[in-house]
Structure formats: structure tokens, C-alpha cells
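Okay, structure first, notes after.
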Amino acid sequence: MKEDLSVFDLLITPIYIFIAFLVANFIQKKHIYSNPEYKYFTYGLLAKIIGAIGLGLVYFFYYDGGDTTNYFESARAYVNLFFKNKEDFFQGWLGNAKGVDNYFFDDVTGYSVYHHRDANSFFVVRLLIPIVALSFKSYFASAVITASITYSGLWKLYKTFLIEFPMLKREFAIAILFIPSCIFWGSGLMKDSFTLSAVGWFTYAFYHFFIKKEWKTIYGVEIFISAFIILSIKPYIFFALLPGAILWLSNQQIAKISNSVLRFLATPFLLLIGGGVAFYALTQMSDSLGLYKVDKVLDQAVIVQQDMKAEYYHGKSFDIGNFDASTVGVISKAPIAIFSGIFRPGLWDVRNVVMLVSSLENTYLLILTVFLLIRLKVYGFFILIRKNPLLLFSMLFSLFFAFSVGLTVANFGSLVRLRIPELPFFVAGLFIMRHLYEKQSGTKVRF
């Protein structure tokens, strides 16, 4: 894959980094006086850019190619196709060329690795084609542009949490902008960069439209576009996101009931309605969810988990044990699946340098979680979650997402990448719980 790099990359990439820095610095200076949190804006973007470049270097020189280079080569082939045959280009890029798109290419254009028959992966290629064209077909310049564009979703997520807890600027910056795994896996030419950003945009728009009741068209458009991107790339993320969002809305209504007796009586009723609405919505979206449609999700969980336990992964795999495609069978694996989805690979799982970095992050998260559980005497942990709607949403989404990933993924290479949508919510949730505990007990907690 090293042959795809040239002196041109070394020349043009710094120019794009400089442009991104200038734009970010302008935005920061424009807003920082009225919004002090903007002191993190440029640092957060630079972290994303470093992560995107780091991901490329690892895949080029350590793995000798992989998903990220395949996405780039596919998008580059389409950019070349534009100059060869514009009709074929637009049919492939914007139309439905399933079954014939592989005939568009030759040795001059290069070949697209991903075709229309792999709809989820090809959607990423669709998004990358204009980016690769804008970068003049430079991999690392494309990575810088992708990191800059997708950073917007994380910043919107950061701003959303700050509305509810404005005193936690530093904590939320750590949780949302500077988690190493999210910086590395969620910044480059990968599916995860776009889905992580879309989750941030969805949460931001949902919060303003439904929770704050700001009935603006722009928020509805943002909800639609972000949901469309998630469903087009990784539908299972929406499977975790939508129920949490609807229960967030239900719990928000419960929190507004001032009378404690009425609130107690209304809680199960409203949560049941919220759960029913979420189930109905997911059922109606069966075509978009594909293999993850409600009536097949348990069967799919078993199939995927068994497939990914193949010997191909050697020492990089883990096993939560066999289970059957029943509600009881799946729920029985919830504790170990959630633990694996959040805290693994641990130090005991390390087999290479990449796993070591991830394991150090996970060990720190485990220590923080255990520390809070002890301080809150376990039951207090869940009482605090129930009290704040945003905290409830964060934990519901992150725990359910960790459960689904831990249940269906059996190798660490996939796990460290697939779990990144949950991490900002889980870590931010820990910081919120620490803040609420300090406020409730009058005791300062440092970690």
C-alpha cells in the first residue's frame, strides 16, 4: 500500500492542516468571549486530525492496507472515472449501478473495491468521493478533510451536554473530544468517523427539537440526515440510539411532574409508552435495519457471534460463551457482554501495541466505574441515573450499545473500533454522576 503515497502527500497535507487550523482558530476567537468552552475547539480539531493521520500511518506501515485504504482507493477510482466517462460516474455515484458498476473501471482509473452490492460500505465511498476530489486524490489530505468535517458532530454533542451541565466544560471535553480510541478510530477514512459524527448530530438535534421543544425546521432536517447516515452505514447503531432517545423524552416528561405521588404513578406508564413507541418505530423501519430488524435481531446476534469466533483471529479473539437465540439466552449473557463491550481488551488481553493502548484506556475507565460504584454504594449509582433524563439517556444508550457489541463481536480488533459510539456517552455519564454525587453529599471526588 505504500506505493499509494507520494511526495505530493507530503506537500499538500500540511497545507490542508494549516487551512483547518486557521478556520478553527477564527471560529474559536469569534465565540470564546461569550462561550468560554471554545477554548477547546481548536485543540479538539487538531486531535481529530492527528488521529486521522495516525490511523493512516498505522494502516499503511503496520497493517499494509485495510478498510481505510480500500475506501480511499474506491473513491479515487470514481474520481478518475469522472474524467473518463461522466455518465458512468454519475450512474455509479448517485444512481443504482448494482451488478454493472464493476465494469466501469480499468487499469487507468483504478478499481473500486466496494460496489453497490455492499450498500453500507459503498455509502461511505459515496461520501468520500467529493472529499478525495477536493484533496486532489491525496490520502492524507482526504483524512484531514474528513476529520474536519466529522468533528462538527462531536462539537455539537459537547455543546448539548454543556447546556444541561455548564460547569463540566473540562470533563465533557475529555469525554467527548479527547478519548484516545475515538480520536484514533473515529477520525480517518472509516465508517466510524461518519457514524460517530452522525450520532452527535442526532443527539444535538433531538435534544433541541424534542427535549427543549425548539420547533425549528433545521433541527428536523438534522435529525433526518443524521439518522439516514447512521442507517445507511451501520443500522445497528440506530437500534440502540432510538429507544434510548424515546425513553429520554419519556423521562423528561416524568421529571416535570412536581407531585411525587403522581410522578411515582406516572413513571411506569410513561416509560411503557416510550418503550412501546420505540419498539413500534424499529418494527416499522425493518427494511432500513436490514439484518438487524426486530424479528431477526436475536438470530443475527447468534450467527454473527459464532462467525467471529473463527480461528482466523487466533490470539486476538475472546469468547463470552455460547447462547441460543431466545430472550432468556441473550439476557443471560448481558453482564459479560456489557463488561466486554466497555472494558475490554484489558491488560490481561494484550497481544500487541494497538491492544496495549486500548487496554490502558479501558483499565482507567474500569477504575473510575468501580470507584463510583463503591462511593455510591451501587444502588445510589442507579438512583442518580434515574433522576436526570440526559444521564439516563447516556447510560441507556452506552450500556445497550455495549451489550449489543459485546454480544456479537468476538475479536478485539473489531471491538475497539465498533464500540466508540458508546464511549463519549459513558464517560460523560460518569462525570455527571460524580458531579451529582458531590452536589448531593457535599464531598469532593477527584479522579
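The values are calculated or read from the model by the stated rules, or taken from the named source; none is laboratory data. Only a predicted model underlies this, so the values are computations on that prediction, with no experimental measurement involved. So basically every Cβ, Gly included, is an ideal-geometry build from the backbone, and we count neighbours across all protein chains shown.
Things worth noting here:
- Residues in the range 13-65 that are among the aliphatic types (A, V, I, L, M), farther than 18 Å from Val357 by Cβ and in a helix (DSSP H, G or I): Ile15, Ile17, Ile19, Ala20, Leu22, Val23, Ala24, Ile27, Leu45, Leu46, Ile49.
- In the range 101-127, the residues that are over 11 Å from Asn70 (Cβ atoms) reach residues that are surrounded by 14 or more Cβ atoms within 10 Å (Cβ to Cβ) and of a type in the set (Asp, Glu) with C-beta atoms within less than 7 angstrom, at least six apart or across chains, in these pairs: Phe104/Asp88; Gly110/Glu73; His115/Asp101; His116/Asp101.
- In the range 345-362, the residues that are modelled with pLDDT of 75 or more, in a helix (DSSP H, G or I) and not small (Gly, Ala, Ser): Leu347, Trp348, Asp349, Met355, Leu356, Val357, Leu360, Glu361, Asn362
- When the helices (runs of 4 or more DSSP H) confined to the range 384-447 are screened for residues that are modelled with pLDDT of 90 or more, those reaching at least 2 such residues are found at 389-408, 423-441.
- The range 128-138: number of residues that are outside any helix (DSSP H, G or I) and either free of Cβ contacts under 8 Å to residues at least 24 places away in the same chain or not charged (D, E, K, R) (or both): 3
- Residues in the range 59-98 that are aliphatic (A, V, I, L, M), out of contact with any Lys or Arg (no Cβ under 9 Å at 6 or more places or on another chain) and under 26 Å from Phe184 (Cα atoms): Ala77 only.
- Within the range 92-111, the set of residues being outside any loop (DSSP other than H, G, I, E, B) and loosely packed, with under 12 Cβ neighbours inside 10 Å comprises just one member, Tyr103.
- Selection over the range 370-408 of residues that are farther than 27 Å from Tyr151 by Cα and under 16 Å from the mean Cα position of the chain (by Cα) gives a count of 0.
- Within the option set Ile49, Ile32, Ile53, being touching a Lys or Arg at 6+ places or on another chain (Cβ under 7 Å) and not basic (Lys, Arg) holds for one residue only, Ile32.
- Given (1) of a type in the set (Ser, Thr, Tyr); (2) surrounded by 13 or more Cβ atoms within 10 Å (Cβ to Cβ); (3) within 28 Å of Pro180 (Cβ to Cβ), number of the condition Tyr62 does not satisfy: (2)
- Count of residues meeting criterion [among the aromatic types (Phe, Trp, Tyr) and at pLDDT below 90] in the range 66-110: 2
- Entry remark, the range 117-141: residues being more than 30 Å from Phe426 (Cβ to Cβ), within 24 Å of the chain's Cα centre (by Cα) and buried (at least 21 other Cβ atoms within 10 Å of the Cβ) number 7 in total.
- The one condition in (1) crowded, with 23+ Cβ neighbours inside 10 Å; (2) within 27 Å of Leu407 (Cα to Cα) that Tyr151 fails to fulfil: (2)
- Within the range 336-356, the only residue that satisfies the criterion of being surrounded by fewer than 16 Cβ atoms within 10 Å (Cβ to Cβ) and farther than 17 Å from Asn411 by Cβ is Leu347.
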